[in-house]
Structures are given as structure tokens and as C-alpha cells.
1. Per residue of A:119-128, what is the mean number of Cβ atoms on other protein chains within 10 angstrom of that residue's Cβ?
2. Mind putting a number on the dipole of chain A about its Cα centre? Charges go on the C-beta only, +1 for Lys and Arg and -1 for Asp and Glu, and I need it in Debye to the nearest 20.
3. Please work out the Cα convex hull volume for segment B:143-203 and give it in Å³ per residue.
4. Give, to the nearest whole percent, the P(r) tail of segment B:82-192 beyond 22 angstrom, counting all Cα pairs.
5. Applying 1/(1 + (r/R0)^6) with R0 = 25 Å to the Cβ-Cβ distance of B:Arg131 and B:Arg177, what FRET efficiency is obtained, to the nearest 0.05?
6. What 222 nm value per residue comes from the helices of chain B, counting each DSSP H run with n ≥ 4 as -39,500 (n - 2.57) and dividing by all residues, nearest 500 deg cm²/dmol?
7. With all distinct Cα pairs included, what does the Kirkwood hydrodynamic radius of chain A come out to in Å, to one decimal, could you say?
8. Would you please give the FRET efficiency between A:Ser52 and A:Arg15, computed as 1/(1 + (r/R0)^6) with r the Cβ-Cβ distance and R0 = 30 Å, to the nearest 0.05?
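What follows draws every value from the coordinates through simple rules; no lab data is involved. Quick caveat, the model's predicted, so the values are computed rather than measured. Cβ placement follows ideal geometry from the backbone for every residue including glycine, while neighbour counts extend to all protein chains displayed.
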There are 2 protein chains.
Amino acid sequence: MPSREGVTSGGLRARRRRETSDRIQQTALALVSEHGLDHVTVEQISTQAGVSVRTFFNYFPSKESALADGPPPIPDHARAAFLAGTGDVLADLTTLFVAHGIEFEARRSTMECFHQVLRDNPRLMPLQLQRFHQFELDVAELIGARLGLDDDEDDTARLAAAVVLAAVRVGMERWSRDFDVSPAAEVGRALANLRSLWTSLVA
Amino acid sequence: MPSREGVTSGGLRARRRRETSDRIQQTALALVSEHGLDHVTVEQISTQAGVSVRTFFNYFPSKESALADGPPPIPDHARAAFLAGTGDVLADLTTLFVAHGIEFEARRSTMECFHQVLRDNPRLMPLQLQRFHQFELDVAELIGARLGLDDDEDDTARLAAAVVLAAVRVGMERWSRDFDVSPAAEVGRALANLRSLWTSLVA
């Protein structure tokens with residue numbers, strides 16, 4: 001069954017790429033935390049991460065982009081389940097972002113290290129914002145595919161992504177004030193509140 | 001009638017403060033555009049804006065903060081009308097942000113100059129983000145006051161502010177891609193779409 005084999009090896013390759021990418025990022029963050037952004041080179045990061053400079057540039061276009069830590073990708077299974085859903089879109093989005101919250105939790109130590117690097121190097125901020133913006137466009141595409149919308153003609157999908165991610169952000173902010181709670185639970189709660197909010201806003 | 005007199009002179013004082021603040025900001029932006037952030041001092045900005053250094057620091061805590069251009073304040077009349085409203089909250093928020101879009105339009109040349117300065121000096125970005133965050137908290141307070149919510153106990157108002165500002169941002173992005181349309185009209189349209197969005201999201 002070639003399609004299944006394709007999916008499996010594709011999944012394995014994707015996982016290996018992710019592991020290499022994570023190793024390069026963690027190495028870059030550790031070096032920059034210790035020596036400062038201007039005193040670390042791509043050569044040093046590559047050597048310490050055990051990859052060639054050529055491989056480094058297959059993963060990241062620059063030293064700075066190896067550090068930036070935007071939202072983690074949405075897990076493939078969660079993405080597929082959302083696209084296949086047929087019921088309440090907001091409920092399915094909640095399931096999707098609860099899975100995403102679990103990804104966040106898994107990346108917590110990398111995120112904490114990156115936020116310290118970001119405080120020391122505000123020039124990384126535009127790159128970081130660009131990642132968030134790209135993530136929002138990806139979510140818009142996903143919502144557009146689910147609702148059968150053409151995003152070029154209509155900005156319903158863009159608007160839905162912006163609104164849902166606003167709720168996700170409120171949940172994540174609460175998590176960042178109290179790391180004892182789970183990001184998945186806070187995001188789920190914020191999206192549930194989004195549903196009840198509507199009755200307060202519309203007469 | 002002391003209260004009316006109070007309101008009038010308060011309004012006049014607020015307008016004069018705003019004019020001084022705008023003059024300092026425009027002077028700072030012009031100087032920094034020409035000479036670069038590191039080559040402009042508070043003394044130069046003050047002299048050229050016709051204020052003392054002491055006055056400068058009554059308005060802005062630093063050179064950087066005189067440049068940053070967050071969302072303009074919501075006009076007092078729009079704020080008062082929103083708080084006095086009793087009907088559909090989303091309709092009244094639309095009126096509020098349409099008035100705010102008109103403020104944006106009025107500040108367009110300052111904004112364009114600031115965005116160029118921001119591109120050249122990404123270290124201003126965190127300050128700018130802080131302004132947006134503060135604006136969101138102000139909007140949350142306004143919504144909380146209208147709905148009679150205690151924001152410490154409940155994040156409905158925070159969530160409502162985040163969601164509504166997400167829609168405002170989608171409208172403003174459309175404006176920034178096509179300056180021929182009006183920001184007030186685009187913001188109004190995005191908030192109208194927010195209403196119809198709901199029927200797509202909830203079964």
C-alpha cells in the first residue's frame with residue numbers, strides 16, 4: 001500500500017527534520033545565552049550541533065532565524081482531524097488548540113531560554129512577530145479549507161483565525177502568569193469563554 | 001454650572017497637552033529620520049520643539065518613548081457614548097472603533113514616518129508592543145465597565161477586547177494594503193463580518 005508507506009516514511013522524515021531543527025535551535029540558544037548574539041557564528045552553532053554549515057542553511061536562512069521561537073506547528077493528526085470534522089467548528093477548533101497547547105508545554109524550556117534571549121536582543125522581535133503572523137495565516141488557511149472559503153475573495157477565514165488566536169493568546173497569557181496550570185487547559189477554557197462571550201456582546 | 005465649566009477647561013487642557021505631545025513627537029521623528037536614533041538627544045528634540053527639557057520629561061520618560069506611536073486614544077465623546085449605551089454591545093463597539101479609525105486617518109503622516117523609523121530601529125519594537133498591550137487593557141476596562149464585570153475575577157472583558165481588537169486589526173491590515181479606502185470603513189466592515197462569522201463557527 002504505497003500511500004500508507006508514503007505517509008509513514010514521510011512522518012519519519014518529518015520527525016527527523018524536526019529533531020535536527022530542534023537540536024540546532026537549542027545549541028544556538030545556549031551559545032547566544034552564554035556569549036551574546038554578536039559573538040556567536042553559524043560555524044560555531046553548526047559544529048556544536050554536529051551538522052555542516054550547509055545543513056544549517058538547509059534549515060535556517062540566518063543565525064537569527066535559528067533562535068526565534070514562534071508558535072510550534074500544529075500536530076499533523078490534530079490538523080487532519082480538524083479538516084475531517086463536520087460538526088461545530090468552534091468545538092473542533094478547541095480540540096485543535098488544546099493539542100497545540102500540549103506542544104507548547106513540551107517546548108517550555110526552549111521557550112523560556114528564547115524569551116531571555118529576546119529580552120537581551122530586541123532586534124529579534126520583528127522576526128518573531130513575522131512567525132506569529134505566518135502562523136495566523138496558516139490557521140486562516142486551515143479554517144478556510146474546512147469552511148470551503150476562498151481566502152482571496154473573502155476575509156472570513158482571516159477574521160476567524162485572528163479571533164480564535166486572540167482567545168488562545170488570552171489563555172496563554174494566563175498560563176504565563178501561573179506556570180502551574182496547563183496551557184492546554186487554559187486555552188480550552190478561553191475558547192469555551194469565547195462561546196459564552198457572544199451572548200454578552202450581541203443583543 | 002461648575003461641572004460643565006470643569007469639563008470644558010479639562011477638555012481644553014487635554015487638547016493643549018495633546019498638541020504639545022504631538023509637536024514633540026513629530027519633531028523627534030523628523031530628527032531621528034534625518035540623523036538616526038543614536039545621534040539625536042532629548043536636548044535637541046526639546047529645543048527644536050520649543051519646550052524645555054523638563055517639559056519634555058513631563059510628557060515622555062525617554063527619547064525612545066517620544067517616537068513610539070501606539071494606537072491613538074479613543075475620542076472622549078466616543079468613549080462616553082459607548083459607556084452610556086444600553087443596546088447591542090457589538091454595534092456600540094463598532095461605533096466606537098469607527099470613531100477610532102477616524103483618529104488613525106488623522107495621524108496617518110505621523111504613523112508613516114514612525115513605521116519607517118521602526119524599520120530602521122527594531123529595538124523600538126518592544127515599546128511599541130507594550131503600547132498595543134496597554135491599549136488592549138484600556139479597551140478591556142471600558143468593556144468591563146459597560147458590562148458591569150469585575151476584571152480581576154473574570155476574563156470576559158479581556159477576551160472581548162482581544163477578540164474585537166483582532167477584528168479591528170484585520171480591518172486595519174486591509175487598509176494598510178490599500179490606503180485609498182478609509183480605515184473607519186474597513187474597521188466597520190471587519191466588525192460587521194465578526195457578527196456574521198459567528199454563524200459559520202457555531203453549529
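1. Averaged over the peptide's residues, the number is 3.
2. Roughly 540 debye, rounded to the nearest 20.
3. 99
4. Result for the distance tail: 38 percent.
5. 0.65
6. Here the helix-only value at 222 nm equals -25500 deg cm²/dmol.
7. Radius from the Kirkwood sum: 18.8 Å.
8. That pair, A:Ser52 with A:Arg15, gives E of 0.90.
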